Structure formats: structure tokens, C-alpha cells
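The structure under discussion appears below in the form of C-alpha cells.
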Amino acid sequence: MKGEIITVRKILLEICFLSCASFNVAAQLGDCPPVFKEKQFLHIAHTRTGANPLMDPLVEEIDFSVYDMLWLGGDLALSTSANDTTMMHVDSVFYLGDETTLWALGNHDYADLERVRNFTQRKSYYASHHNNITFLVLDTQDSLSNIIGDQLDLFRRVTDTIQESSHLVLLHHKLFWMYGDSYLQSLISSVTNGGFGDCFYCINPNNFYTDLYPALLDVEERGIEVICIAGDIGFRRSEFEYTSPEGIQFLASGIEAGKTNNKALIFRYDSIQGTLNWEYLPLTQLLHPIDINPPVLHSLFLASDSILRGSSVQIIIEAEDSESGLSEFWFDIVNASGEQVITVSSPVEDATLLNDGKYVIEVTIPDTAFVGIWYISSIVITDSSGNEFCKQYTDDSQTSFVVYTSTVNVETERSHVRIYPNPGTGIFHIDPGLVSLQVFDQMGRRRDVFYSTETNTLDLSGQPKGMYFIRMKTHNDLFVLDKIIIH
């Protein structure tokens, strides 16, 4: 059979036919993914001012707790670990001891590594795994930009064994990968804070391309994306991005305290798809956290359980989004056999808002709609920030209704047929008697039941609890559709 989609937008109807032989009845909107909160990570660096313990004033106003992870690129204060007072102040802003805060030390953080370890419970270099991403936090102050000794051993253990992660992220202070690449090396003086040389804060000659880069290429060949993120910029620019010919991503972000155009690096991670996207945002935008929470659906039901073909069904929704506001409602309404689908798109401003906060959306059932059982199979609610709530329905009486032909006075005919007790436990009496009947579940599947024309009794005692639709032929040769419920 060919499926038919009836698209509804602002109560305008359009019929189009699918070229495929069949389609998935469950959801023309697409199978609803699990509702999840998109992960957001923030990278920020070089937040220091010229005096302990203060950092950039805007930085100290930002609520970093709204981010799923915080990646610190170093040089947080003028001398971050010089004393407990400064460490406590920085910790109150960045939550240094939290396992989701990763800190790559810079030269201004290096005064007392033991004090750093006491606050973070970590060494100056370590590996970590969160949200299916593997992290290597490197200490580029140790050994003047070279990764050697135990640190190189850690790097090799991780890159040799990593298998299942979607990404490998290297966090480090110095842009040490600029040395050894002819193009990048020519940019050192115009990009980095420390420049090139043999000093403690400089980018020094190092072993990145001899010992680290080949291993990163091997990781990439296993289908794991590699991203290197540095933090020693801010004086000359606040963002830097470069992709190597082999596809390794090199990023850097940092600020200069007091500047008006400072930026931080925001990452958005889709854990379902395994994608990690990023953008540089002004610090002023971080003062107002980005809405990352999906809308909330409290209830959904229909104002009527039977609709005359060509008339409207009212969908009543109680939903909210306290941060950025609701934007649009989408529905798939399908008939039980899956031969027709009504796809509804309604901007929130087109819905009627009731005094109790519920929204009413009217959907006209076209004259071409098949007679029989219909139900809402899925709903998607979007907010103004693009977050989505998605839910599928397969067996919910509140989302089901019956479409009748306009040639039958439905309410009159149905009022002439009495089914009792309804709801019932499985045995139903029908008055007056019928010529015949058929019973369908909510998926439109016909159920084998017994109806006695002598006693006018319908036996559903062998069926599971739930709602069923009954199609009855009366002695007046009229067909009547109704619902029965087994509890």
C-alpha cells in the first residue's frame, strides 16, 4: 500500500503521496530520540590580572556551574598557587577540585605544585574520561614544552589503548604544536603570549611532531577525532583555530583582563550522535547562560474522542519552558492502518492560550481522511533556543479518536447503542442488538472476540486491559464506532 501524508500548517491542508511502498507508522517526524540535555563544555584561559587573587571582573561574575565541564587553559591568577588565599579565591570561581574541571597549568599557576595537588587531588598531568570523551591534560611547563618521562609514558598508554571514545581532547597551556610546523611556527609571535625562545613561559623547541603527532594520527585512523586545545593567548588575540592537513584540530582561547572583546570557547556535545561542535563567544554572553534544557510537557489530551470528517479536533497541551519560551509544536497524527499521516506544525503564537496556561491547537481533519481510528503518534516541542522535547505514543487513550463520515449523524446513532458496563472487566452488554461487530486495538489490529447475537453479549475477557475500538453494524444498516475499556 502507499502511504499518504496530509501536512497541516496554520490549518492549511495539502495532500502528497509517497513514492515508497510503505512507511513507518510510528513517527513521520522521525523516531523520537531519547530526551537528553545537550552537553556544554567551556574552555577559558589567561584570566589573570596584575594582582593576586583577582581575575578578570567579568570572569568572576560568570556562573560556571551551568556547564557540564570546565576546561581551564592556565594562567588563572597572577601567581595562582603562591598562597592558600589566592587558591581559595580561584577555587570559589572555577571549582578546582571538581572532577569535571580540568586544569592545564600555565607558568603563572606553577609557584607551588604541591598546593595545586592539595586543591585538585591530581598531578599536573593526567588522563580523564567523561561523556565518552577521553582527555589528556598535559603539563607544557614541565621540561620546557617537551613531553618526556612519565608524562610521555602516560600519553603513549592512552593513545595506544584508546578504542571506544568519540574524541581524544588534549588540554595544555602552551601552543607547543606551533613549533615544528613551518606555517604555524611563522605565526608564533603574532598569536601567542610568550613568543618563541628558551624561557619558562616561551614556546620552546620540543618533541610534539616527533613523539606525539604520529600517535595522534594513529588515533584518528581508528575513527576517533583528535582536538588539541591551548590557553596561552589573549594579549594579541583571544581565539585561534587551525586544522592540519591530516585533520587534527588545533584550537586556543584566552583573554586579556579588562578588554572588552574577550572571548571564551564553547563546546556542544551530542552524546547520541557523538558530535562535538564549538564556537567562540564574547564573555558578555556568558553572563546570561545559554538555555540548554528542553521544554517540559505536563499533559496532552484531546477535547473529543470522535470527529466528523471535515471538522476540527482540538489538541490540548500543557507545556512550559521557563528559560527561553516555547516556540513551536509538531505532531504526527496517523490512522490505525498507517495509510495516512497528518503532520501538524503550529507556532506557539498560533495556538490559543487558556487562562490555566494550557494551549489549544485546532487541526482540521480533511474530507479525504479515512474513516476509523486515528491517534497522535508523536509530539515534538521546540523552544526559542532550539532545544527539543520529543515523545512517542503507542497506546494512550488520551491521544486516540475516531473519524466518522459526514453522512452519518454520529452522536445520534451512537446514542441509540448502549454498551455497559463501560469500563468493564471484559464482558459487555450491547443494547439493542447488532447485526455484527468488529473490535480493534489502538494499533488498528483486529482482535478475535466472541459476540452472541442471542444474548447481545460481547466477550473480551481474554484480551489485555486497555482501550479498544468497536465497529458495530446496526439493524438499520448503519455503522457506529465507539470505544470500550477493559480495566
Legend entry - Inter-label distance, nm, simple model (7 Å from Cα along the C-beta direction), residue 450/residue 241: 7.1
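Calculate the FRET efficiency for residue 435 and residue 272 from the Cβ-Cβ distance with a Förster distance of 51 Å, rounded to the nearest 0.05.
Values: r = 52 Å, r/R0 = 1.03.
Approximately 0.45, to the nearest 0.05.
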Legend entry - Listed residue (59, 128, 140) projecting farthest to the positive dipole end of the range 57-197, Cβ model: 140
Inset, instruction - Order these peptides, 381-389, 111-119, 315-323, by their mean beta-carbon neighbour count within 10 angstrom, highest first. - result: 381-389, 315-323, 111-119
Legend entry - Cα-based Kirkwood hydrodynamic radius, the range 39-286, one decimal, Å: 17.8
Legend entry - Listed residue pairs exceeding 27 Å between alpha carbons, taken from 174/263; 358/473; 39/259; 123/259: 358/473; 39/259; 123/259
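Can you tell me the equivalent ellipsoid semi-axes for the range 112-178? Use √(5λ) from the Cα gyration tensor, largest first, whole Å. The partial results should precede the final answer.
Details: eigenvalues 83, 48, 25 Å².
Ellipsoid semi-axes (Å, largest first): 20, 16, 11.
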Legend entry - For a label point 7 Å along the Cα-to-beta-carbon line of residue 117, residues of the range 142-167 with backbone N under 19 Å: 142-144, 148-155
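If I stretch the segment between residue 190 and residue 221 completely, what's the gain in nm (0.36 nm per residue apart, minus their alpha carbon distance), one decimal? Walk me through the numbers before you get to the answer.
Details: separation 31, 0.36 × 31 = 11.16 nm, distance 3.23 nm.
That pair, residue 190 and residue 221, stretches by 7.9 nm at full extension.
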Inset, instruction - Kindly rank 165-174, 362-371, 237-246 from highest to lowest mean number of other beta carbons found within 10 Å of each residue. - result: 165-174, 362-371, 237-246
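If you average over every viewing direction, what projected area does the convex hull of the Cα atoms of the range 294-360 give, in nm²?
Details: hull surface 22.1 nm².
With the hull built on Cα positions only, its mean projection is 5.5 nm².
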Inset, instruction - Stick to Cα atoms and the Kirkwood definition of Rh, then tell me Rg/Rh for the range 227-337. - result: 1.23
Inset, instruction - Indicate, rounded to the nearest 5 percent, the antiparallel portion of the DSSP beta bridges found entirely in the chain. - result: 75
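More than 25 angstrom separation, counting every C-alpha pair in the range 275-403; what % is that?
That fraction is 33 percent.
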Inset, instruction - Grab the Cα-Cα distance for residue 405 and residue 485, subtract it from 0.36 nm times how many residues apart they are, and report the gain in nm with one decimal. - result: 26.5 nm
Inset, instruction - Over every pair of different alpha-carbon atoms in the range 31-179, take the mean of 1/r and invert it; report that Kirkwood radius in Å. - result: 16.2
Legend entry - Rough spin-label spacing in nm, given labels placed 7 Å along Cα→Cβ, for residue 161 and residue 314: 6.3
Inset, instruction - Please list 39-46, 185-192 highest first by mean number of surrounding beta-carbon atoms within 10 Å per residue. - result: 39-46, 185-192
Legend entry - Spin-label model distance (nm) - residue 199 vs residue 92, 7 Å beyond Cα toward Cβ: 3.2
Legend entry - At q = 0.07, 0.08, 0.11 Å⁻¹, base-10 log of I(q)/I(0) for the chain (Debye sum, equal scatterers on each alpha carbon): -0.57, -0.66, -0.89
Legend entry - Computed over the chain: relative contact order in percent, which uses C-alpha pairs under 8 Å that are six or more apart: 13
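At 0.36 nm per residue, minus the direct Cα-Cα distance, what do residue 354 and residue 65 gain on full extension? Give it in nm, one decimal, please.
Details: separation 289, 0.36 × 289 = 104.04 nm, distance 3.58 nm.
Using 0.36 nm per residue and subtracting the Cα-Cα distance, I get 100.5 nm.
What does the convex hull of the alpha-carbon atoms of the range 247-288 project to on average, in nm²?
Details: hull surface 16.4 nm².
Spelled out: convex hull of the Cα atoms, projected over all directions, averaged, 4.1 nm².
Throughout, read-outs are computed from the coordinates displayed, never taken from laboratory work. Just so it is clear, the structure is predicted and the values come from calculations on it, not from any experiment. We place every Cβ from the backbone using ideal geometry, glycine too, and count neighbours over all the protein chains shown.
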